[in-house]
1. Report, in debye and to the nearest 20, how large the dipole of the protein assembly as shown comes out about its Cα centre when Lys and Arg carry +1 and Asp and Glu carry -1 on their Cβ.
2. Which whole-number value in Å² is the accessible area per residue of region A:56-179, probe 1.4 Å?
3. Quick check: from the Cα gyration tensor, does chain A come out rounded (a/c under 1.5), prolate or oblate?
4. Counting each DSSP H run of 4 or more residues in chain B as -39500 (n - 2.57), what helix-only mean residue ellipticity at 222 nm follows after dividing by all residues, to the nearest 500 deg cm²/dmol?
5. Per residue, how large is the accessible surface of region B:135-176? Use a 1.4 angstrom probe and give square angstrom.
6. Only protein chains counted, 1.4 angstrom probe. Which residues of region B:116-141 are at least 50 Å² less accessible in the assembly than when their chain is isolated?
7. Using R₀ = 22 Å, calculate the FRET efficiency as 1/(1 + (r/R₀)^6) where r is the Cβ-Cβ separation of A:Leu178 and A:Leu142; round to 0.05.
8. List the residues of region B:79-96 for which accessible area in the full set of protein chains is at least 10 Å² lower than for the chain on its own; 1.4 Å probe, protein heavy atoms only.
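The values are calculated or read from the model by the stated rules, or taken from the named source; none is laboratory data. Remember, it's a predicted structure, so these values are computed and weren't measured experimentally. Every residue, glycine as well, gets a Cβ built from its backbone with ideal geometry; the counts of neighbours run over all protein chains shown. Heads up: the accessible areas ignore ligands, DNA and RNA and are worked out on the full protein's heavy atoms, side chains in. Shrake-Rupley method; radii C 1.70, N 1.55, O 1.52, S 1.80 Å.
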Amino acid sequence: MSNDVAKPVRSVSAATVFREFLTIGATSFGGAVPYLRQSLVVRRGWLEETEFVELLSISQSLPGLNATNMAILVGQRLAGRLGAALAIIGMCLPGALIMLLVGIVYRAHGDHAITTAALKGVSAAAVGLILATVVQLGKKSLVEYADYAFVAVTVLMVNTFHQSVLTTLVAVGLFSILWHRPGKTSKAE
Amino acid sequence: MSEIPAILRVFGYLSLLTVGGGMAAFPEMKTLTVETHKWLSFDQLVHLYSVGQLAPGPNMMLIVPIGDWAGGWLGAVAALVAFFGPTAILTYVVGRWWQKLEDWPWRRSIQRGLAPVSIGLLLAGCFSMAKGAIFGLETAAIAAGVLLILLQAKVNPALLVLSAAVIGVLTFGGSS
């Protein structure tokens, strides 16, 4: 497959890319992906829906957060190296400043009775949030019994046997990739 | 000031563990920032992560206050650069190359193979955090409520977290 056919070069200035990602970075409450789609596909029309899905799947399979990996991939595609750099800076800047302030306020007032009470609720909700992500991802990509076994072994290695995340990732990851090696008849899709 | 190299090392390492999501790095983040370097307590780590879900942008910005507490504003910048730099460069280099490998059979094997591991790492991170967030019936009910609502309806998660803050004040406000 030729490299250039699939990627029509769109000329968007790096400054425009920065402004757009700064806006997403400042407004994407509750998770960046829906806002990215709304902005890049619907409002700006910089990406086709299929391109967006493709870039998102690359973002998910590489280390790094979806929000920042998407900023790099989209910035790169639209405005090269500078575009990628400015996109990730724009994406991170607002949240980073907000959390810097939150940290300062929390350190000063985190032990007030009312703050502690609110934080108990917030922390419990965050656990529910992660579980929802796990279920949603699981529905999409856990296909065969072996996949569930890999999930279970990963959890056991980290939580019960206190292996480092890196060891677990490499050990279970390699095994799982080999399990899904090319040519093996799989029930997937 | 001497904490800066440690901050760079810790967050640079954690950066590479965020496969599938930031939560994948959480158990290691707890070990390194709470137990090894004692930059903050486990409760504080849980609180900062959770409040971070209310901020816009990437949901791991708790690294900024941790960096700030450990090494001042320079520490905050160091945490940001270390946590986002390595994966940014990796994505920049590999992302382009990965797209060209569409027909390489191992690409699919890698994606299929890493998916259950990254889900397992998220779940492990979740359990690790639950130890500091779920105690007793009330907190378990809040977590279960959020999970069920998110699976049933299209609600902005930040609104649910905010509602949980109010429920927290109403539930625990009087006693503690």
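1. The calculated dipole for the protein assembly as shown is roughly 540 debye.
2. Numbers: 5130 Å² over 124 residues.
Averaged over the residues of region A:56-179, the accessible area is 41 Å².
3. Details: a/c = 2.14, a/b = 1.01, b/c = 2.12.
Cα axes put chain A in the oblate bin.
4. Roughly -24500 deg cm²/dmol at 222 nm, from the helical runs in chain B.
5. For region B:135-176, the solvent-accessible area averages 58 Å² per residue.
6. The answer is B:Pro116, B:Val117, B:Ile119, B:Leu121, B:Leu122, B:Leu123, B:Cys126 - residues whose exposure falls by at least 50 Å² when every protein chain is included.
7. About 0.80, to the nearest 0.05.
8. B:Leu80, B:Phe84, B:Thr87, B:Ala88, B:Leu90, B:Thr91, B:Tyr92, B:Val94, B:Gly95, B:Arg96
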